[in-house]
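Data block below; observations after.
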Amino acid sequence: MADALHFHSPQTAQMLLLAQQVRAWERVAPAEYQALQQRQLHTLMRHAHQHSPFWRQRLETAGWPAGAASPHTVLAHLPVLTRADLQAHFAQARARWPGLQDEGVATSVTSGSTGEPVRVEKASAMYSPLYAAISWLEAQWHQRDARRKIAVLGTGLTDGTQDTWGDMYSAMGLRGPCVLRNISQHGMDSHLDWLLQEQPDYLKCSPFAAAELARMALARGVQLAIRQVISQSERVTPAQRALCRQAFGATIVDRYSCEETGWIALQCPMHEHLHLLGATTFMEIVDGEGQPCPVGVPGRVLVTSLHSFAMPILRYELGDIAEWGPPCGCGMALPVIAGMRGRTRHLVQTGRGPLPMPFLGDELGRIEPIRAFRMRQYADGTLQLQLEVPRALTAEEHAAVRTVFAANALADLPLHVEELARIDWPAGRKREEFERVDRAFEPSP
């Protein structure tokens, strides 16, 4: 009875209502799903046309006002929005309406993994509760208990302890402790000792870090029971999932988001693929000619943030490669993203055209000594594969590496394999597993 009579704060009540509305999309019929997205897209386009000089010109060129054409048709005629567009037209791309003051606007800045960060403005009163609502929904999907302890390993953190997982959980009366540690200021052995001491129920970190900790736990023969590893920053590979299951009995829960738009997709509660959050995001996967990719064919990701009123984001190219999947058997009608297949700048150039490289993490990770890799392609086409290994590869393992490349149509490219005790990853949240080098390859002396 006490729970039934408990009143939440206005902010928490708003978040819960938004979560309920987002969740309603899980069960809508396909025709209703499309109609709802059309309606929200029309509202966004009308606002962008009225308040943004940049978008007014683009929309009119694409056929707005729509007239007989649907908003989806107008959207398809819009040019792709690039990082360079946002950098060059930041002021003109904003769509501030009368009454929206500076204090009501938050500016997100990308991590700048390409060396050139992008700024995007968001209306705080709209974006913040919606982001919190989807965070709450994701926790509900995966039956996470925020009364238990969570450990967070990440860059930029200060070692310490918090009373709760965050403001959202505190407002809900869920007060499980949160222990924090800066991943770059301690070694992995130290992190494992820390986790053994803290015994958390949940671990939030990159999948690479989780897999490294799992390997160490198995090598030491120590027990660490973790319910879930909550992934951040990087693509999850099957090998990483298998290691965490073996060492911790834990599943890795993946999520797909970006600084520019927020949440995009969440891992299915029953399977390892992702479900697109259609209530907030319209997503396209297109080929090199800009045509929609069918199920099972990887392509470039374009996202339209359906609630990006402060600074509209329409057909924004994130630089990711993804693949649609068939409808899910979990009962949710949300579109399925079968997998993330790397970054567009990670395409290997071959004589038959560019080739995504998802097989590297998926297939090389099955070769027992390989803990991590980095591949470079030089201007002459040569591939250099750096492997982080605790021991030298056997002849059979070297052959297995070359078999992976041959099976993925890369046998014609020269391949140089370098075995390292540790790859010199640059500081930052994301590891770039592929680099392009604008010079010919020169073997090490």
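Annotations for the structure displayed:
- Across region 74-91, the qualifying residues are those that are surrounded by 14 or more Cβ atoms within 10 Å (Cβ to Cβ) and of a type outside the set (A, V, I, L, M, F, W, C), and the one among them that is farthest from Pro129 (Cα to Cα) is His77.
- Subset of region 190-218 that is among the polar types (S, T, N, Q) and surrounded by fewer than 16 Cβ atoms within 10 Å (Cβ to Cβ) - its residue that is farthest from Met340 (Cα to Cα): Gln197
- Test: residue in region 319-326 that is surrounded by fewer than 16 Cβ atoms within 10 Å (Cβ to Cβ) and not acidic (Asp, Glu): yes
- Matching residues, region 196-229, being more than 25 Å from the chain's Cα centre (by Cα) and either among the β-branched types (Val, Ile, Thr) or closer than 24 Å to Ile370 by Cβ (or both): Met216, Ala217, Leu218, Ala219, Arg220, Gly221, Val222, Leu224
- Residue within region 425-441 that is modelled with pLDDT of 80 or more and out of contact with any strand residue (DSSP E or B) (no Cβ under 9 Å at 6 or more places or on another chain) present: no
- For first residues located in region 32-59 and surrounded by fewer than 18 Cβ atoms within 10 Å (Cβ to Cβ), partners that are β-branched (Val, Ile, Thr) and lie 6+ apart or on another chain with Cβ distances below 8 Å form the pairs Leu36/Val28.
One line per residue, one yes/no per condition, for (1) part of a strand (DSSP E or B); (2) in the same structural domain as Pro335 (by TED's automatic domain parsing); (3) not basic (Lys, Arg):
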| position | (1), (2), (3) |
| --- | --- |
| Lys204 | yes, no, no |
| Leu224 | no, no, yes |
| Ala242 | no, no, yes |
| Arg245 | no, no, no |
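- Contacts under 6 angstrom Cβ, first residue in region 266-283 being more than 28 Å from Cys244 (Cβ to Cβ), partner of a type in the set (S, T, N, Q) and part of a strand (DSSP E or B), 6 or more apart: Phe282/Thr304
- Of all residues in region 301-328, those satisfying the criterion of being touching a His at 6+ places or on another chain (Cβ under 8 Å) and outside any strand (DSSP E or B) are Phe309, Pro312, Cys328.
- Candidate set from region 219-241 (those that are among the hydrophobic types (A, V, I, L, M, F, W, C) and under 16 Å from Arg366 (Cα atoms)); member that is surrounded by the most Cβ atoms within 10 Å (Cβ to Cβ): Val236
To keep it simple, each residue is scored yes or no on (1) without any contact (Cβ under 8 Å) to a residue 40 or more places away in the chain; (2) surrounded by 13 or more Cβ atoms within 10 Å (Cβ to Cβ); (3) over 32 Å from the mean Cα position of the chain (by Cα).
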site	(1), (2), (3)
Ala392	yes, no, yes
Glu397	yes, yes, no
Ala400	yes, yes, no
Leu410	no, yes, no
Asp438	no, no, no
Ser444	yes, no, yes
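- Per the listing Ala95, Ala48, the residue uniquely in a loop (DSSP other than H, G, I, E, B), over 24 Å from the mean Cα position of the chain (by Cα) and modelled with pLDDT of 95 or more is Ala95.
- Of all residues making up region 179-193, the number that are under 14 Å from Cys205 (Cα atoms) and part of a helix (DSSP H, G or I): 5
- Residues of region 143-163 that turn out to be more than 26 Å from Ser184 (Cβ to Cβ) and buried (at least 17 other Cβ atoms within 10 Å of the Cβ), as a count: 2
The values are calculated or read from the model by the stated rules, or taken from the named source; none is laboratory data. Source: prediction; values computed, not measured. Positions of Cβ are backbone-derived with ideal geometry, glycine not excepted, and every protein chain shown enters the neighbour counts.
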